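Any read-out appearing in this document is the output of simple, stated calculations on the displayed coordinates, not a laboratory observation. On a predicted model such as this, the values are computed, not experimentally measured, just so you know. Every residue, glycine among them, receives a Cβ derived from its backbone with ideal geometry; neighbour counts consider all protein chains shown.
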């Protein structure tokens, strides 16, 4: 594959680090945000440290990890991770992941990988989030590549082929892991379902005429990331209610950036990253459908099963399920005090949102209840 085919979407490499950091430090908005996020560090000290960074690894370990450490201490009650034993250090994986938070899902998975001595993954991010040039520089310094979402119908196939070629090239030739969401956009309703079309896209850049061979060569590993509280839960309510009424939702200007900020700084409670068993192990010995469409649907369901099985359910999930169904089937998972506190949390979150009270409450509770429903299905 020709590396030049990926120039407009690829992350930055080590030779570009010094120039891009110099450019970032010249951006007033970036400098202001850093001073807001890390007021305890004198900016000249941060600037000196930034100018001393020469590689992507340096940037991730000396800038991103300390930022995440601070973020985790301020906005969570701790990060845990499980299933790391399912991974082999001499393999590159295509991590196909649940998606709740625009920035943190991939960052927290990378954080877990680094802590366990693995290399970090390259991260797929939609071009709809890349409206501000310095944000492009920042994310590309953090091993992010661009997924073109704002394409016309005529351009979509070419865009999918380029993306698939890049994923195949990165795993097989560059020797890097990749993180990608298991569907386009976040699962704002809490219902984690893999889109078979993403598997169809992976296959486009394969070197075999046999789709299952192409899929197997990518070493797909399902990942689930669970948050006790989703800081954007109330922010997503208007969209979920509009869609539930069968209407088209129009995003507000800067909506994604508002969600990014709230997702980073809002209270999340406990957080867990769960690495599932790689797909190749999950499908070993199973009879696979022959037609590609059926095959992709089958594999999507296998990924979903592993995501649902490994998803770390929190008391908020169980309480939401019981409140939604007016049941006490999971009462051993939480205390009466926790339930009372959660009910108050729900009412407070939905009070500023327009709409029918019962419908608002049900829609909100489903966000937290779906992982229980999926696990018990």
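Sort the chain into rounded, prolate or oblate with this rule: let a ≥ b ≥ c be the square roots of the eigenvalues of the Cα gyration tensor; rounded if a/c is under 1.5, and if a/c is not under 1.5, prolate when a/b is larger than b/c, oblate otherwise.
Verdict is oblate for the chain.
Quick check on the exposure proxy: order 90, 322 from fewest to most C-beta atoms within 10 angstrom.
Fewest-to-most Cβ neighbours within 10 Å comes out as 90, 322.
Antiparallel versus total DSSP beta bridges in the chain: what percent is that, nearest 5?
Just about 20 percent of them are antiparallel.
Taking Cα centroids, how far is segment 329-377 from segment 179-250 in Å?
23
Using a 10 Å cut-off around each Cβ, can you sort 125, 56 from fewest to most neighbouring Cβ atoms?
So the ranking, lowest neighbour count to highest, is 56, 125.
Contour minus end-to-end for residue 154 and residue 248, with contour as 0.36 nm per residue of separation and end-to-end as the Cα-Cα distance?
31.6 nm
How much FRET efficiency would the formula 1/(1 + (r/R0)^6) give for residue 49 and residue 297, where r is the Cβ-Cβ distance and R0 is 41 Å, rounded to 0.05?
E between residue 49 and residue 297, to the nearest 0.05, is 0.25.
I need 58, 304 ordered by Cβ neighbour count within 10 Å, fewest first.
58, 304
Starting from the Cα gyration tensor of segment 6-66, take the square roots of the eigenvalues, sort them a ≥ b ≥ c, and report rounded, prolate or oblate (rounded when a/c is under 1.5, otherwise prolate if a/b is larger than b/c, else oblate). Spell out each step's value before the answer.
Details: a/c = 2.02, a/b = 1.64, b/c = 1.23.
Taking the square roots of the gyration eigenvalues as a ≥ b ≥ c, segment 6-66 is prolate.
Roughly how many whole Å is it from the C-alpha centroid of segment 17-89 to that of segment 256-272?
A separation of 17 Å, based on Cα centres.
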